[in-house]
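Visitor: Shown below is the structure under consideration.
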6 protein chains.
Amino acid sequence: MRIKVINPNTTQAMTDNIGRVADRYTADSTEVVAVSPERGPASIESYYDDYLAVPGLLEEILREEKGVEAKEGDDAFDAYVVACWGDPGIEACREVTEKPVVGIAEASMYVANMLGARFSVATILPRAKDFIEAAVVKTGLESKCASVRCTDLTVIETEEAREATVEGLLEVSRLAVEEDGAEAICLGCAGMGGLDKALEAELPVPVVDSVGAGAVLAESLVSLGKSTSKVMTHKRPESKEMSGYPSLFEFTE
Amino acid sequence: MRIKVINPNTTQAMTDNIGRVADRYTADSTEVVAVSPERGPASIESYYDDYLAVPGLLEEILREEKGVEAKEGDDAFDAYVVACWGDPGIEACREVTEKPVVGIAEASMYVANMLGARFSVATILPRAKDFIEAAVVKTGLESKCASVRCTDLTVIETEEAREATVEGLLEVSRLAVEEDGAEAICLGCAGMGGLDKALEAELPVPVVDSVGAGAVLAESLVSLGKSTSKVMTHKRPESKEMSGYPSLFEFTE
Amino acid sequence: MRIKVINPNTTQAMTDNIGRVADRYTADSTEVVAVSPERGPASIESYYDDYLAVPGLLEEILREEKGVEAKEGDDAFDAYVVACWGDPGIEACREVTEKPVVGIAEASMYVANMLGARFSVATILPRAKDFIEAAVVKTGLESKCASVRCTDLTVIETEEAREATVEGLLEVSRLAVEEDGAEAICLGCAGMGGLDKALEAELPVPVVDSVGAGAVLAESLVSLGKSTSKVMTHKRPESKEMSGYPSLFEFTE
Amino acid sequence: MRIKVINPNTTQAMTDNIGRVADRYTADSTEVVAVSPERGPASIESYYDDYLAVPGLLEEILREEKGVEAKEGDDAFDAYVVACWGDPGIEACREVTEKPVVGIAEASMYVANMLGARFSVATILPRAKDFIEAAVVKTGLESKCASVRCTDLTVIETEEAREATVEGLLEVSRLAVEEDGAEAICLGCAGMGGLDKALEAELPVPVVDSVGAGAVLAESLVSLGKSTSKVMTHKRPESKEMSGYPSLFEFTE
Amino acid sequence: MRIKVINPNTTQAMTDNIGRVADRYTADSTEVVAVSPERGPASIESYYDDYLAVPGLLEEILREEKGVEAKEGDDAFDAYVVACWGDPGIEACREVTEKPVVGIAEASMYVANMLGARFSVATILPRAKDFIEAAVVKTGLESKCASVRCTDLTVIETEEAREATVEGLLEVSRLAVEEDGAEAICLGCAGMGGLDKALEAELPVPVVDSVGAGAVLAESLVSLGKSTSKVMTHKRPESKEMSGYPSLFEFTE
Amino acid sequence: MRIKVINPNTTQAMTDNIGRVADRYTADSTEVVAVSPERGPASIESYYDDYLAVPGLLEEILREEKGVEAKEGDDAFDAYVVACWGDPGIEACREVTEKPVVGIAEASMYVANMLGARFSVATILPRAKDFIEAAVVKTGLESKCASVRCTDLTVIETEEAREATVEGLLEVSRLAVEEDGAEAICLGCAGMGGLDKALEAELPVPVVDSVGAGAVLAESLVSLGKSTSKVMTHKRPESKEMSGYPSLFEFTE
């Protein structure tokens, strides 16, 4: 099985880490390819970043789906993972392919929801709180989410300042457990991939590596032989003129 | 007062109509400028279209906010209106300006909610139903929305085939009133701007022209002297590298 | 355009201020007439006050609608505003007229909801909290309301002790922003009309003058040419005997 | 135990029937006194009627609570029942007395909720649907309410045309069971008091006589020795001037 | 009237107290029989205890319903009360009898909901919080529940250490009132039966004795002549083989 | 990896099929052991069956966890799957082991939620509708569930009458898609395991084999190295006397 994990920001170091984490949790027989889009922000911390990241993210799926402009390794994926907690553009991704698309936000919430009665999300800057909560609502699990707790970390810092990241996450996770009743923690940023064990060593609750969760749930959908529903919402986009984008973005009859 | 109404698709005929409608309902002293982005889809009927429209939509605000690359008439707007039922990218728009930004979806729902106990949205193709419902949820009024009723109309048809559009809207609006308990109808596409009176002539309920609603509510926010909150969610985007977009999209310290 | 703003309590000084505030925010061409009912409480701070205020409030609409017992200036209004945060009796008001009726509670929430991701209401005595929250639920925006924060102010004090009122509102608004995540504040009492700028000078978030919001949204509905839906909930009341009230209150075939 | 059942409309024949029904279900040792207010509508079918009924309803409680203007039999009640499905003014009633106040809407829903997994309300004219649903929301049981089904009956008809009322209720109750999944029916008008057995003879589900439910739940609260909470929402109304009402309505320090 | 109150744990001292409390609040003419099952846990503090208690609880109803293996006093009950806050197995109880079955959790919430605008539940160990909240959701009143506040008390301690129990309940009840806005308190464990008055002496809010509430609401259902709905959810269980249980548990055509 | 899939009913033919289905979807390196409890109903179609199945289900976990009374193959499982749509007793299962426990209901909903915008559950007898809906609520995904559609099939029939089962499921699934807007179908009974492909051949939407979903999600949790949270709700049960059950059920310090 081949899974393409798309980090929708353009920071290659983060993509590399995401790839390593996804690889660690998936089966030996699963090949993980982690990529960054060519266009988009270096990190996603606002709605602005989120919206500007989606075209590049879609491009990573369109290339294979349309069989054009393929880069090496671009073919024959069995599923896609969107590796940003917020699951940006995931509905659009599902429109352009029949292959399963898994968001790391939804995946981590499903996992957390099977481990405890309520989960919290430990994440980056306070400004992202509404954006993170919107992902919880989009998935439908708001009644199970005890809280979204923000640190003062930027996305890049989660990747580069691992120790400070662990410290920050421990602090807000403890508050989530003690004040909000969280019984499990979702790591609310792809940059936090690989930190779950370090946090579990200090916390009384399970910590879900969202990148890992996204990767293994993508495997699950492939194992079950499922495809995205094409009956209504996620139908192939209508054919129409698309100005200012490469022709790859245009759908025709 | 000057209001910039942005039709986030690239179909100029629709933009022209949107401008006329907005102008009709606003005060004589209000100058309405209706524009289309340069990049993006010819119409918005899917999540895919929606996400690809947002960069171009943002560009229309960024140009003035950053005072660069200005086109004629690009300065000194008091408010922005996003003229697509779905309010695409509206959170991001609010991040890049302090001026009020009004979505025609939210505006039409507020108006409808003051006219009857429950409203329905009459809109385009069935595939857009989830997208339209997401706008209702984003605004927070799902408990007041009796139903979203879809026609078989594309966005372009609402603009070009006015008679068929009225027929289609009458049919689903009657179902909304008789079967779903709707007491007011929101016209769920900017292309339907200007059809409210024709529909009201045949229906027992008020019909809200969403473009008109967006324009007059933008006037209201300006009259009240309000600016978008910059305390958390809608702060200015963080400065970072933005690949594959014009430099206009980059924020720096 | 002529708008009748009804302060449903009998305190003329408050009515005068409400009129001034509504006038300030509406267009020059809009004539605002602010009135108090003849019957009812001097202020509305409980459900008891609320229910006893409604007959007098209705009378102010019935006089014009029925063209009888008119007082000077009672004719040809284009819209009504109910100027008490709680929107008392607004459903009944909508039954007795086809003209738009706007409550200042709903209006202020719509405005706040376009300015920030979540709003709080800063209001009077704690005993009114449930009453205020009921207005939020009636409007349908409970998922967007971060909190209702009460001061120790009575309605009359908000009118007479402006400095203490500002102090009290600043204190609870700061708590709303810091502890509840509010990104905008609704002033939860008509007596607070005119204080928004003073509060915005001290707070990091926009503050919505609810009286102003009610007035400009009434203008908006008139501009759009909308009437209250008469299809079901807000039909004209059934004709029947009405004991103990002036004949003005009786509807006949 | 003495229970005052207040029919908030002025139709004495309905009050007499309500008294008989309440008496039938309560203990022999319970004395039921059923009354109508002096002021108010002959029936409650709209929000308008509802609001105009409340002052008269409050008067029936105030007379005893304040010990003035007492009519024969006005003293020493242990609890009050508000006998209109909609529980009009019940929050205000709870403010003016410490004695338990039970609404027949809430009471019937509690009973129905203990008999089946979901209940429907069978009620009067369609125009009352929103008003009835508001009572469900006020009680908090909207997730358990399968539907509100309206007949074409006015309140007075439910009282005077018993056979037609049974027919109408059977028709909508069958729809509630077969199409909405109702497993119990609440009779949504005090005028329907006494019809439960006739309906149960024809329907496969239990039918709750709301007047009876209100009366026995009032008995329950008295048996438990409970008083209305005076800590916040239902505190005694503030003392203030009350224009246009008898002095009975004024509270003073 | 005869009411069987089933304490679903096997601790006889608690059963005796439950019987005394139920007896105190019910009419003189009502005979209360309080029993414990033969099989099950000594107390219910976890989902595990809850599930293991249900078979024994069902047995107490099945014996009478099936008229076999009757113990003295096992016949001719008019209603059943399940005396554990959590209403364990109440849906199953309703399947095996047509007689009304009342849970003390739901009963206490209905009572509290008629006394104040919002109630809290004061209960045992923190580990039971989710279990208690599930009972609130099952009843449908989550929007009226201000909080579930846990003490450090085990079920047995509530029965044996009355003074410490009162202390613990006072502490969390005060927090519920002051921090969560509770206006009434439900005693969230059958072992707390009989403590309401002692708590009301110290608290500014009414305290609902859940055992008492269950008993009087069972009386109410009997007075109203109601039976459990057999139309769908609570139909008699299908006949099938039931391994490892006494034959009493098997249903046959 | 070794996964124990527990069919909580005692019908061995169904257990055999469940084992085959779980085996088909899991990795070659995963050993699936499917078992039935010794005590409990032959099928689960009511709350009664559900509650009586749980003790036997728990026994299957307790044996290994406590290392006593082990049957051949009872040791060293990495995760448990509860194979009944309704996830009976899953909270209690999570209390008695640290190993992940997955319910097939929750698992199938997570999978369906990643394939379409809304899912429906196609299930057995109408009497189980409330029971099935309770599982949706327990998981937290009610806002994503378009409907629960019941056939007239018993659990045993789903196992024995495969053709009729396919017919019944096709009929209700088509209704779910056409009338309720379902974009994916969950097979709402473990007996339906293995029918997904036959249904997908006839339906325009993906069909989730719930047994398969449960098995692969159990694999996912093991791959991620997660354990059930022991911080609060799912702590080990308190030690106490447990009457009428084998000593295996008793917990001691």
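The values are calculated or read from the model by the stated rules, or taken from the named source; none is laboratory data. Because the structure is predicted, anything quoted here is derived from the model rather than measured. A quick note on method: Cβ atoms are made from the backbone with ideal geometry, for glycine too, and the neighbour counts reach across all protein chains shown.
Visitor: Inspect all residues belonging to region C:233-250 and state whether any of them is part of a helix (DSSP H, G or I), surrounded by fewer than 24 Cβ atoms within 10 Å (Cβ to Cβ) and without any contact (Cβ under 8 Å) to a residue 40 or more places away in the chain.
Guide: Yes.
Visitor: Give the number of residues within region D:11-36 that are over 14 Å from the mean Cα position of the chain (by Cα) and either outside any helix (DSSP H, G or I) or of a type in the set (Phe, Trp, Tyr) (or both).
Guide: 10
Visitor: While we're on this one: Against the condition at negative phi and within 14 Å of chain B (Cβ to nearest Cβ), how does residue A:36 come out, does it pass?
Guide: yes
Visitor: I'd like to verify a number: residues in region B:149-162 that are touching a Leu at 6+ places or on another chain (Cβ under 9 Å) and within 11 Å of chain A (Cβ to nearest Cβ), how many?
Guide: Result for region B:149-162: 3.
Visitor: A further question on this structure: Which members of region A:178-206 meet the condition of being surrounded by fewer than 24 Cβ atoms within 10 Å (Cβ to Cβ), touching a strand residue (DSSP E or B) at 6+ places or on another chain (Cβ under 9 Å), in a helix (DSSP H, G or I) and of a type outside the set (Lys, Arg)?
Guide: A:179, A:180, A:198, A:199, A:200
Visitor: To continue, here is another question. Can you run down the residue pairs with Cβ atoms below 7 Å, 6 or more apart or on separate chains, where the first is in region A:211-226 and within 23 Å of residue F:195 (Cβ to Cβ) and the partner is modelled with pLDDT of 95 or more and among the acidic types (Asp, Glu)?
Guide: Cβ pairs passing all conditions: A:222/A:78; A:224/F:209.
Visitor: Can you name every one of the helices (runs of 4 or more DSSP H) wholly within region C:85-146 that holds 1 or more residues which are under 22 Å from residue B:218 (Cα atoms) and in contact with a strand residue (DSSP E or B) (Cβ under 7 Å, 6 or more places away or on another chain)?
Guide: C:104-113
Visitor: Need pairs with beta-carbon distance below 6 Å; first residue in the same structural domain as residue E:123 (by TED's automatic domain parsing) and within region E:165-181, second surrounded by fewer than 18 Cβ atoms within 10 Å (Cβ to Cβ) and of a type in the set (Gly, Ala, Ser); sequence gap 6+ or separate chains.
Guide: Close Cβ pairs (under 6 Å, with a partner that is surrounded by fewer than 18 Cβ atoms within 10 Å (Cβ to Cβ) and of a type in the set (Gly, Ala, Ser)) amount to E:166/E:198.
Visitor: Failed condition for residue C:54, given (1) more than 7 Å from chain D (Cβ to nearest Cβ); (2) outside any loop (DSSP other than H, G, I, E, B), with all others met?
Guide: In the conditions (1) more than 7 Å from chain D (Cβ to nearest Cβ); (2) outside any loop (DSSP other than H, G, I, E, B), residue C:54 misses (1) alone.
Visitor: Given the criteria within 21 Å of residue C:149 (Cβ to Cβ) and free of Cβ contacts under 8 Å to residues at least 60 places away in the same chain, does residue C:132 qualify?
Guide: Answer is yes for this residue.
Visitor: Suppose the filter is surrounded by 24 or more Cβ atoms within 10 Å (Cβ to Cβ), more than 9 Å from chain F (Cβ to nearest Cβ) and in contact with a Pro (Cβ under 6 Å, 6 or more places away or on another chain); does residue A:84 pass it?
Guide: Judged against the criteria, residue A:84 is a match.
Visitor: Farther than 28 Å from residue B:8 by Cα, more than 12 Å from every other protein chain (Cβ to nearest Cβ) and surrounded by fewer than 18 Cβ atoms within 10 Å (Cβ to Cβ): does that describe residue A:76?
Guide: Yes.
Visitor: Can you tell me which residue is farthest from residue E:9 (Cα to Cα) among those in region F:220-232 that are at the interface with another protein chain (Cβ under 7 Å from one of its Cβ atoms) and in a helix (DSSP H, G or I)?
Guide: Top of the filtered list is F:223.
Visitor: Right, here's the next one. Going by the conditions given, is residue E:73 modelled with pLDDT under 95 and among the small types (Gly, Ala, Ser)?
Guide: So residue E:73 passes the test.
Visitor: Looking for whichever is at the interface with chain F (Cβ under 10 Å from one of its Cβ atoms), farther than 26 Å from residue A:231 by Cβ and touching a Gly at 6+ places or on another chain (Cβ under 9 Å) here; the options are A:117, A:107, A:128, A:112. Which one fits?
Guide: A:117
Visitor: On to the next question. Are any of the residues in region E:57-68 outside the structural domain of residue E:198 (by TED's automatic domain parsing) and outside any helix (DSSP H, G or I)?
Guide: yes
Visitor: Listed residues E:193, E:168, E:214; which is of a type outside the set (Ser, Thr, Tyr), more than 7 Å from chain D (Cβ to nearest Cβ) and out of contact with any Gly (no Cβ under 8 Å at 6 or more places or on another chain)?
Guide: None of the other options fit; the residue is E:168.
Visitor: Go through (1) farther than 19 Å from residue B:61 by Cα; (2) more than 7 Å from every other protein chain (Cβ to nearest Cβ); (3) of a type outside the set (Asp, Glu) for residue B:246 and report which single condition fails.
Guide: Result: residue B:246 fails condition (1) only.
Visitor: Within region F:140-148, identify whether any single residue is away from chain A (no Cβ under 12 Å), aliphatic (A, V, I, L, M) and buried (at least 19 other Cβ atoms within 10 Å of the Cβ), and answer yes or no.
Guide: Taking every residue of region F:140-148 in turn, at least one turns out to be away from chain A (no Cβ under 12 Å), aliphatic (A, V, I, L, M) and buried (at least 19 other Cβ atoms within 10 Å of the Cβ).
Visitor: For region F:150-158, state whether one or more residues are closer than 25 Å to residue D:143 by Cβ, surrounded by fewer than 22 Cβ atoms within 10 Å (Cβ to Cβ), at pLDDT 95 or above and within 19 Å of the chain's Cα centre (by Cα).
Guide: Checking region F:150-158: at least one residue is closer than 25 Å to residue D:143 by Cβ, surrounded by fewer than 22 Cβ atoms within 10 Å (Cβ to Cβ), at pLDDT 95 or above and within 19 Å of the chain's Cα centre (by Cα).
Visitor: Let me ask something else about it. Has region E:7-24 got any residue that is touching a Phe, Trp or Tyr at 6+ places or on another chain (Cβ under 8 Å), more than 13 Å from chain F (Cβ to nearest Cβ) and under 25 Å from residue E:156 (Cβ atoms)?
Guide: no
Visitor: Still on this model: Among the residues of region B:24-44, which ones are touching a residue at least 40 places away in the same chain (Cβ under 8 Å) and in contact with a Lys or Arg (Cβ under 7 Å, 6 or more places away or on another chain)?
Guide: Residues satisfying the conditions are B:33, B:42, B:43.
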